[in-house]
Amino acid sequence: MILILEGIFVGINSKILSNLYKQRVKQILKEDTLLVKLIAERNPRVKYQELFSNNELRFTIVDLEGKIIFDSKKTEEEEKRMDNHLQRLEIQEAIKNSESFTVRSSDTLHKMMAYYAILVRDINGEEYVLRTSNDYSKEVLQIREFLLIQILFFIILNYVIHFFYKNYIKRDFYNKIEKMRCFLKSGEMEKVNYSKDEYWLFQFWDILKEWQEKNLNNISRLEKERRVLSEVLHSVDLFIGLLNVNGSFIVKNTSLKYIIDPYEDDYLGAVKHIEIIKHIKDGMSSKKDIREELYIQNLKKYFLLTMKYLEFSNRYIITIKDITSTREMVEVQRSFINNVSHELKTPLTNIKGYLIALEDCPDSMKTKFLKTIKSNVERLENIVLDFLNISKIENSNLVNISQIGVEKLKKELLDILDKKIEEKGAEVEFNFALTDNRDYLKIDFEKISMILKNLIENGIIYNMNKNPRVMVDVLEKGDRYLIQVKDNGMGIPIYEQDKIFERFYRIDQARTSNLGGTGLGLSIVKTLVDKCGGDLTIDSQEHIGTTFSFYILK
Ligand code: ADP
C-alpha cells in the first residue's frame, strides 16, 4: 500500500516537474522567437546568419509550403537539401493557430528538441513560419535524474521505516506489553513501586478495572438469567430440547429420562424410541412444524411431540409431553357418561314399562306395579344423589375441620340410615376411644359423615346375617384418628377387592341387583378419604364380614 502511494507520488512529481520544464522552455523559446523575429525583420540574411552562428539557439524560417527558406545552423547548400517541413507538427499547428509549442525527437538531429513556432507576415504581406528550437535532451535528462533521486529517496525511506519499526517501535511495543503483563501480575502493594514515568500503566489499569467491573456486572446478570432459565427449563414436566442441524442437542432438560437419555447429545443415541426418532427425522428433513400425538406401545403411554424449525438460529426446538393421564381422563369421562346413561336408562325403562302396564292391569296387580315403580324412582334418586355428591367432592379441595360432638355425629348417621336399619333389623354400634375421654372429634363433619354413611349402609345392605351388625370404631392416635367400620355381612372375594373402588363397579350383578346400589358409594368414600389425607384399606372374608379402615388427619 505504502509502495503504491509512493509510486503515485513520484509519478505526480515527475509530471509536475516536466510540465514546469516545458513551461520554462516554452517561455524562453517564445522570447527568443520574438527577438529573432525583430532581428530577422531588420537585418539582412548574412547579418543574422553571422549573428546566430555561435549561438546555441537555432531558428528556421519555413514557407507555407514547408520549404526551408532559412536555417541558422545550416549553409545555403544544406538548406536546399533539407526535407520539406510541412508535416512537422509545430509547423502545421503554427499555420493553423498562429502559434505552437512541441517537444519531440528531431528527425534531423536525432535527439529530443523543443520547438516554438509562430506565423509571421513580412512588410510585403508574405506569410512564413518562424521556428526556434532548443536542445531538450538536457531537460529530459534532468527530469530522469530527479525521478531516480526520488525513487532512491523512497527506497531508503522505506528501508529506514522498516528498520525503525523492526528495531524500535516493535521492540518498544513488545516491551510495553511485557511491562503491562508484569504490572497486571503484580499485587496492589507492588504497583506502588512503579515510577511516575509509567503513569500510563496506571491509566491503563484504571481503564481495565472499569471495563472489568462492567464485564463482571454483565457476567453476573447473564449468569443469573441463565440460572433462572435453567431452573425453569428443568422444573417443567415436559421435555424441551434445542437441536442443531447436525442432530445434536445443544440444550435439553432432564425431564422424561425414560424416553430421552439426558447424558447423550446426539438425538439418535439420546431418544430411546424409534417412533419419536422417526418424527424428529421427518421434521429435520422437511423443516415443517410437527405436532403429533404418539402412543408408545411398550411404555403404554401417550405423548405429544412438537417440533418447530427456528429459521433465525437454524435450529429446531422439540418438546415432548406425557399426555397419558389427560388421555385417560378423557377415556374415564367417556366411559362415565356411557355408564351414567346406562344406569339411568334401566330404572327409566322399568318405570315407563310399569306405567304403561298400570293403565290396563287388574286392580290386584296395581299395588305391586306401583311398588316396583317406587323402587325404581328411589334408585333413580340414589343415582342422582350420588352424582351430585361426586361433582360436589371433585369441585372442592377444602377440608373444613371443626370440633364436632360425638353424639351429634352418631345422631346424624342413625337418622339418615334409620329406614335401612329398621328394614334389616340391623344393629349399629359406635366405639370412641378418644384422648382424655373427650366427647368431641376434630373432623370435617360433612365429609366424615358421608364416608361413614356409605360404609355403614354397605355393611347393612350387603349383609345376609340373621342379626346384621355394623361396628364403628374411632381411635384417637396423636394428630390423627383411626376409623374402622366392621360388619358381619357377606364379605368381598379377594379378587374383587381392588375393583370395588372403581366407579359403577358392582360385584356380581345377580348378587346385588336387588339391593339398589349404584356402584358409586365406595368410589365416593375413597375420594373423600384421600381428600382428608388418609388411605382406605379393606380386610374382608367371604361369609364372615368386612372391615374398612382409614386414618384421617385432625
Ligand atoms: P353400591 O352403590 O353398589 O353399594 P359401592 O361402590 O358402595 O356401590 O360398592 C361396590 C360393590 O362392593 C357393591 O356392589 C358390593 O357388591 C360390594 N360391597 C361394598 N361394601 C360391601 C360390604 N360391606 N360387604 C360386602 N360387599 C360390599
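The values are calculated or read from the model by the stated rules, or taken from the named source; none is laboratory data. Worth saying up front: this structure is predicted, and the values here are computed from it rather than measured. No Cβ is skipped: glycine too gets one built from the backbone with ideal geometry, and neighbour counts run over all protein chains shown. Only protein heavy atoms, including side chains, enter the accessible area calculation; ligands, DNA and RNA are left aside. Shrake-Rupley method; radii C 1.70, N 1.55, O 1.52, S 1.80 Å.
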With the first residue restricted to the stretch 443-463 and required to be touching a residue at least 24 places away in the same chain (Cβ under 8 Å), and the second required to be within 9 Å of the ligand (Cβ to nearest atom) and part of a helix (DSSP H, G or I), Cβ contacts under 6 Å at 6 or more apart or on different chains are I451/V525; N454/G521; N454/V525; I461/L515
*Does E231 satisfy the criteria of being under 19 Å from the mean Cα position of the chain (by Cα) and more than 30 Å from K281 (Cβ to Cβ)?*
yes
Taking the stretch 231-289 and the residues there that are among the small types (G, A, S), part of a helix (DSSP H, G or I) and open to solvent by less than 40 Å² (accessible area, probe 1.4 Å), the one that is farthest from S313 (Cα to Cα) would be A270
Scanning the stretch 455-480 residue by residue, those touching a Leu at 6+ places or on another chain (Cβ under 9 Å) and within 12 Å of the ligand (Cβ to nearest atom) turn out to be L455, I456, E457, N458, I460, I461, Y462, V470
- Message: Please verify whether Y440 is hydroxyl-bearing (S, T, Y), more than 12 Å from the ligand (Cβ to nearest atom) and either surrounded by fewer than 19 Cβ atoms within 10 Å (Cβ to Cβ) or within 22 Å of G545 (Cα to Cα) (or both), treating the condition exactly as stated.
- Response: yes
Look at G425 and say whether it is more than 60 Å from the chain's Cα centre (by Cα), on the phi > 0 side of the Ramachandran plot and among the small types (G, A, S).
yes
TODO: Assess whether S375 counts as being outside the structural domain of F303 (by TED's automatic domain parsing), assigned to a helix (DSSP H, G or I), touching a residue at least 24 places away in the same chain (Cβ under 8 Å) and not acidic (D, E).
DONE: yes
**Request:** State yes or no: is L305 at pLDDT 95 or above, open to solvent by less than 50 Å² (accessible area, probe 1.4 Å) and in contact with an Asp or Glu (Cβ under 7 Å, 6 or more places away or on another chain)?
**Result:** yes
A careful count of residues in the stretch 42-101 that are part of a strand (DSSP E or B), closer than 24 Å to V25 by Cβ and open to solvent by 60 Å² or more (accessible area, probe 1.4 Å) gives 1
Filtering the stretch 122-162 for residues that are over 21 Å from V62 (Cα atoms) and either in contact with a Lys or Arg (Cβ under 7 Å, 6 or more places away or on another chain) or acidic (D, E) (or both) leaves a count of 3
Flag for L201 being assigned by TED's automatic domain parsing to the domain that holds S98 and surrounded by 10 or more Cβ atoms within 10 Å (Cβ to Cβ) = no
Filtering the stretch 458-504 down to residues that are open to solvent by 30 Å² or more (accessible area, probe 1.4 Å), closer than 22 Å to L528 by Cβ and in a helix (DSSP H, G or I) yields N458, K499, F501
Going through the stretch 526-550 in order, the residues found to be farther than 28 Å from M464 by Cα and either basic (K, R) or not assigned by TED's automatic domain parsing to the domain that holds I494 (or both) are K531
Flagged in the stretch 102-123 as open to solvent by 60 Å² or more (accessible area, probe 1.4 Å) and of a type outside the set (D, E), in numbering order, are S105, L109, H110, K111, M112, R121, I123
Checking E427, E381, E412 in turn, the sole residue that is surrounded by fewer than 15 Cβ atoms within 10 Å (Cβ to Cβ) and within 21 Å of I483 (Cα to Cα) turns out to be E427
Checked I483, I524, I500, I552 against criteria (within 8 Å of the ligand (Cβ to nearest atom) and under 22 Å from L398 (Cα atoms)); the one match is I524
Of the residues in the stretch 527-549, those that are touching a residue at least 40 places away in the same chain (Cβ under 8 Å), within 12 Å of the ligand (Cβ to nearest atom) and closer than 17 Å to I492 by Cβ number 10
Filtering the stretch 345-356 down to residues that are among the hydrophobic types (A, V, I, L, M, F, W, C) and open to solvent by less than 50 Å² (accessible area, probe 1.4 Å) yields I351
(Q) Is it the case, given these coordinates, that I451 is open to solvent by less than 10 Å² (accessible area, probe 1.4 Å), within 13 Å of the ligand (Cβ to nearest atom) and not in a strand (DSSP E or B)? (A) yes
I143: passes all of (1) open to solvent by less than 50 Å² (accessible area, probe 1.4 Å); (2) touching a strand residue (DSSP E or B) at 6+ places or on another chain (Cβ under 7 Å); (3) β-branched (V, I, T) but (2)
